[in-house]
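The values are calculated or read from the model by the stated rules, or taken from the named source; none is laboratory data. Note that the structure is predicted; figures quoted are calculated from it, not measured. Glycine also receives a Cβ, built like all others from the backbone with ideal geometry; neighbour counts cover every protein chain displayed. SASA here: full protein model, heavy atoms, side chains in, ligands and nucleic acids out. Shrake-Rupley method; radii C 1.70, N 1.55, O 1.52, S 1.80 Å.
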Amino acid sequence: MTNPSEPGQGRPDPGLSAIMSERRQLTNLAYRLLGSLADAEDVVQETYARWYAMTERQREAIDSPGAWLTTVASRICLDLLGSARARRERYVGEWIPEPLPDRTEWISGRPGAGIVDPADRVTLDESVNMAFLVVLEAMTPAERVAFMLHDVFRYPFTEVAEIVGRTPAACRQLASSARRRIRTSQPDAVSAAQRADVVRAFKQAWEAKDIDGLIGLLAPDATATGDGGGLVTAALHPVEGAEQVARFFADRRGAAPDLTLVECTVNGQPGLVTQLDGVTVSVMAFDITGDRINHVWAVLNPDKLRAWTAH
């Protein structure tokens with residue numbers, strides 16, 4: 001449960017603190033469902049707007065304001081997910097969820113929003129790592145919402161059913177299907193220290209344009225996916241195979257020798273940031289099994305890097 005926010009000064013609503021204390025959980029839920037902090041914040045704003053659009057009597061009649069807010073936010077997300085596929089078809093190149101920095105690496109919030117720490121908004125646990133979010137992207141909207149509400153946020157299927165608009169039995173099947181997808185895609189657990197060692201070795205080999213060194217760190221069927229959103233140059237399709245991925249990164253290093261590589265935390269796991277003249281131009285997350293990299297996700301779309309760039 002989240003920590004209550006301080007009540008606004010001069011606000012007459014005695015329940016404001018309790019209502020606003022739900023903001024973090026709502027943001028956590030919406031980010032995991034939508035893969036975008038900006039969209040998650042918009043969902044939370046809309047949810048609160050609907051709460052305060054009701055009369056005081058209507059609000060007082062709600063037994064559990066927290067459950068009401070979660071239901072409304074989930075349904076808004078469900079609607080957005082339903083239209084997301086059409087939007088993704090128009091998206092230039094590959095779409096990757098928005099990467100989140102660690103508390104110590106957060107620079108600033110959205111333009112005009114002042115300095116905001118996403119660690120106060122989104123809990124960086126295993127349900128928010130990039131590999132997990134990418135698997136969620138492959139699920140149907142109903143699967144995604146049922147699984148997230150039940151398995152991650154521990155809502156009973158009777159409540160999930162009311163939100164999704166299906167029977168509890170159908171929601172149980174949706175969550176089970178989603179669970180199988182997660183199990184199939186998630187490799188054996190690798191410690192943070194092991195991940196950091198592999199990412200550091202990748203950084204060093206990349207800096208040296210050491211193709212053999214890069215190949216040795218990549219699984220034979222490794223893939224690299226870039227997301228430029230049509231705003232900056234990025235591969236329109238994933239690069240596949242250890243040698244092809246290694247040569248891709250070595251060539252990129254040769255074309256941009258002034259890039260600075262910085263180790264960082266991306267969605268709770270070791271990753272890399274590339275900077276040019278002190279400005280972040282890409283954020284990279286890794287899927288690692290043992291001492292080999294299975295997948296590299298590189299987000300270059302500047303709209304998704306606002307959390308990493310000083311304004």
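Some points to look at:
- Other-chain or far-sequence residues with amide H under 5 Å of Ile293's (modelled H): Leu218, Ala219
- Debye log10 I(q)/I(0) for segment 257-301, one point scatterer per Cα, at q = 0.32 Å⁻¹: -1.16
- The charge dipole of the chain, taken about its Cα centre with unit charges on the Cβ of Lys, Arg, Asp and Glu (plus for the first two, minus for the last two), comes to roughly 640 debye.
- Alpha-carbon Debye profile of segment 240-282, log10 I(q)/I(0) at 0.27 Å⁻¹: -0.97
- Farthest toward positive dipole pole in segment 233-310 [+1 Lys/Arg, -1 Asp/Glu at C-beta], among Ala256, Thr274, Val299: Val299
- Over segment 223-311, equivalent-ellipsoid semi-axes from the Cα gyration tensor in Å: 20, 16, 13
- Annotation: the chain has a Kirkwood hydrodynamic radius of 20.8 angstrom, from the mean reciprocal C-alpha pair distance.
- Surface accessible to a 1.4 Å probe, per residue, for the residues of the chain, Å²: 48 Å²
- Computed over segment 155-211, the alpha-carbon pair-distance distribution with 10 angstrom bins reads 20, 23, 19, 17, 15, 5, each value a whole percent.
- The HN-Hα couplings worked out from phi for segment 77-83 by the Karplus form 6.51 cos²θ - 1.76 cosθ + 1.60 (θ = phi - 60°) are 4, 4, 5, 5, 5, x, 9 Hz, whole numbers, x standing for Gly and Pro.
- Theoretical gain in end-to-end length, Lys203 to Asp42 [0.36 nm per residue, Cα-Cα removed]: 54.4 nm
- Ordering of 249-262, 131-144, 87-100 by packing is 131-144, 87-100, 249-262, highest average first (other Cβ atoms within 10 Å, averaged per residue).
- Karplus 3J(HN,Hα) series, Hz, for segment 163-171 with 6.51 cos²θ - 1.76 cosθ + 1.60 (x for Gly, Pro): 6, 7, x, 10, 6, x, 5, 5, 5
- Apportionment of accessible area to carbon and sulfur, the chain, percent (1.4 Å): 50 percent
- Packing-based ranking of 19-31, 212-224 yields 19-31, 212-224, ordered from highest to lowest mean Cβ neighbour count within 10 Å.
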